[in-house]
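Notes follow once the structure below has been shown.
The values are calculated or read from the model by the stated rules, or taken from the named source; none is laboratory data. In this text the structure is predicted, and so the values were computed from the model without any measurement. Glycine gets a Cβ as well: all are built from the backbone with ideal geometry, and neighbour counts include every protein chain shown. All accessible areas refer to the heavy atoms of the entire protein, side chains included, with ligands and DNA or RNA removed. Shrake-Rupley method; radii C 1.70, N 1.55, O 1.52, S 1.80 Å.
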Amino acid sequence: MPGSRNAIDVCNAVKRYGSFTALQSITLSIRDNEFFTLLGPSGCGKTTLLRMIAGFEEVTEGEIFLFGDEIENLPPHQRPVNTVFQNYALFPHMTIEQNVMFGLEMRGSSKDAARRKAGEMLELVQLAQFSARKPSQLSGGQQQRVALARALAPEPKVLLLDEPLSALDLKLRQAMRSELKSIQRETGITFTFVTHDQEEALTMSDRIAVMSAGRLQQLGEARDIYERPVNRFVADFIGETNLLDARVEAADASVATCRLANGLTLDCDAIGNARPGADVHLSIRPERMTLAAANGDPWQGTVRENIFVGTDVQTVVQLQGGIELTVRTQNSAAGVATIFDPGTDVAVDVEAGAARMLED
Amino acid sequence: MAGAAAVGGSVRSETYASARNWLLLPSWAVLGIFVLAPVAMMLVYSFLTKEFRGGVIWEFTLAAYDQFFFDRGLFGDEPAKIEWTYILIFWRSIWQAGLATVLALLIGFPTAYFIATRPAHTRTVWVFLITIPYWVNLLIRTVSMKFLLRDQGPLNDFLLWTGLIDDPIRIINTNAAVQIGLFYSYLPFMVLPIYASVERYNFALSEAAADLYADKWTTLRRIVIPSVRPGIVAGCILVFVPSLGAFLAPDLLGGAKNFMIGSLIEEQFKGNAGNWPFGAAASMILLTLVLIILVFLARQQARAEREATP
């Protein structure tokens, strides 16, 4: 379980390259023993932040603490954190065992102790039988595990992982997800994981920091971020959603009633400054709505198309006023859910609490 | 050079095999005419009898090799003793060429590393600057060097002016002058192959080493140098081999006392005073020596390339 101590505190960290600001005043804390993910599209600054923690990028402004010690001015070789690099960066002229022993030797372990520890690490990633080989003799997935063993061997206070799975094919990536997660639990080392893949982030992380355009957009547990996105970027980037423009009709402390452009109304949890008359954005997840035969309810529309995506069918429904909604219906053997043909009029039932008001 | 050319993966299909042999014919012809034939001629001449006005008499003899290794007195009738003169010249040449190689490596590696770590668009400019001396003939450059280094030359003038020395230093006609000449002539041959290797080097490996607690020197020694070793070996060959046979720098800068193999061989073919079979024999001995060193280095190179392939 994640502890209450913070492994890493980033305080108002800014990164500028000349006039370009890559990171705009990031403040976040990574707890001891947790699997923490920095998630965002490419160019959002997540890798820059990771490299600042590792020491490969200078911090323009702000501080970084590792278990309370200020580290942003230390060179990388003096920071007790290790990195699993995106393309592994294994030393090609060394054997697998020598690769894993390298960090241990640099920290002053004797050859014997380093060899023993390297053996344990290779055992952990199930590559003990390959210790005498060169990196070029291993597959991508195996090299990936060597990189992991090499970074874990010196027992870093925090392990940094820079999109380590992005070079693997889908099946291997999925297998590595659960392996990484279980190695994290086994070793109890804090993992800080960078990815642009929201599914990867959701399945592995204790907490996720969603970044975009050099800013921290939202930080929270996976479920929290999925169900309560704070803004349009997060709602759209994590999973799929329907984004709707609306105006607040009435609001009290907990519930706000919003009217869509076509006159339909929806209730949702009130947030911050949702005063009557304010223009807001709503997010409704496709799986939180169901379709039924038209029954005179004002929430009704016409089916435009059905898209089969394996586990479910996505139905695009056009409401009055031209508003389109995507509704997911799970496939089941019993055929419980009815799929309506394009052109059919249907009633759309929005689950209570499904609509989420966004800050911007 | 033997070790420097990396053989890429080629089409191995049967269909192309015969076409490939035909296409290689021009290369073989060029190699035959310009490499094999002259060497074969040298080999033959080294076993012929000398003609006193230069040239050869077509009679087989081992006299040239005998003269190189043995001293049989002025009239050739005393018991054979080892002749040290030429062996010493060879030894001095190896030593000078080796030192020039080490110096070129010490200066060339940091230079190459510096260039390879500049932004891509400025690298070309640096490489261009390195090659500029090659737009001028080596003879002219060596003569300029002679003027630069002499007792009343700009170098001594400058040192006197700064007050670092009170009397001109004697540089010209010393081993040091030869050394400076060799180093200056062949430095770019060290810089360019190392530059090519460092440019291909994956700098993420240096980051990985730093991440695993290695300081800058350890990273250089244990990660960078082993990774760019093919370039280092190629550079060393390209400096050592021509230095070994150089005659311009020893002749013009070293004077008579600092004779090297190149000068010795050159003498034998100059004017009417030469001894062609002896010059050919000395060339064959030099060639054998170079081949032994090259085979050794090529093996090193092959090993380095095997290890550096990711």
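Worth pointing out:
- Among residues that are within 14 Å of another protein chain (Cβ to nearest Cβ) and open to solvent by 10 Å² or more (accessible area, probe 1.4 Å), B:I232 is included.
- Failed item in (1) over 28 Å from A:K46 (Cα atoms); (2) within 14 Å of chain B (Cβ to nearest Cβ); (3) open to solvent by 10 Å² or more (accessible area, probe 1.4 Å), with A:M101 passing the rest: (3)
Matching residues to (1) within 14 Å of another protein chain (Cβ to nearest Cβ); (2) within 22 Å of the chain's Cα centre (by Cα); (3) open to solvent by less than 20 Å² (accessible area, probe 1.4 Å); (4) of a type outside the set (D, E, K, R):
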residue	(1), (2), (3), (4)
B:P168	no, no, no, yes
B:V178	no, yes, yes, yes
B:I194	no, yes, yes, yes
B:S197	yes, yes, yes, yes
B:R200	yes, no, no, no
B:A204	yes, no, no, yes
B:D211	yes, no, yes, no
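- Residue within region A:164-179 that is within 14 Å of chain B (Cβ to nearest Cβ), farther than 22 Å from A:L49 by Cβ and surrounded by fewer than 18 Cβ atoms within 10 Å (Cβ to Cβ) present: no
- Annotation: of all residues in region A:33-50 being open to solvent by 20 Å² or more (accessible area, probe 1.4 Å) and in contact with a strand residue (DSSP E or B) (Cβ under 8 Å, 6 or more places away or on another chain), the one that is nearest to the other protein chains (Cβ to nearest Cβ) is A:T47.
- Filtered by the rule that a residue be under 17 Å from the mean Cα position of the chain (by Cα) and open to solvent by 30 Å² or more (accessible area, probe 1.4 Å), region A:182-196 gives a lone residue, A:H196.
- For region A:105-121, the candidate set comprises residues that are farther than 17 Å from B:R221 by Cα and either hydrophobic (A, V, I, L, M, F, W, C) or in contact with a His (Cβ under 9 Å, 6 or more places away or on another chain) (or both); within that set, the residue that is farthest from the other protein chains (Cβ to nearest Cβ) is A:A113.
- For the residues A:E72, A:E57, the requirement of being of a type outside the set (S, T, N, Q), within 13 Å of chain B (Cβ to nearest Cβ), open to solvent by less than 50 Å² (accessible area, probe 1.4 Å) and free of Cβ contacts under 8 Å to residues at least 60 places away in the same chain singles out A:E57.
- Counting only strands (runs of 3 or more DSSP E) that sit completely within region A:241-308, those holding 3 or more residues that are assigned by TED's automatic domain parsing to the domain that holds A:V350 and either surrounded by fewer than 19 Cβ atoms within 10 Å (Cβ to Cβ) or free of Cβ contacts under 8 Å to residues at least 40 places away in the same chain (or both) correspond to A:242-251, A:255-260, A:265-269, A:289-293, A:300-308.
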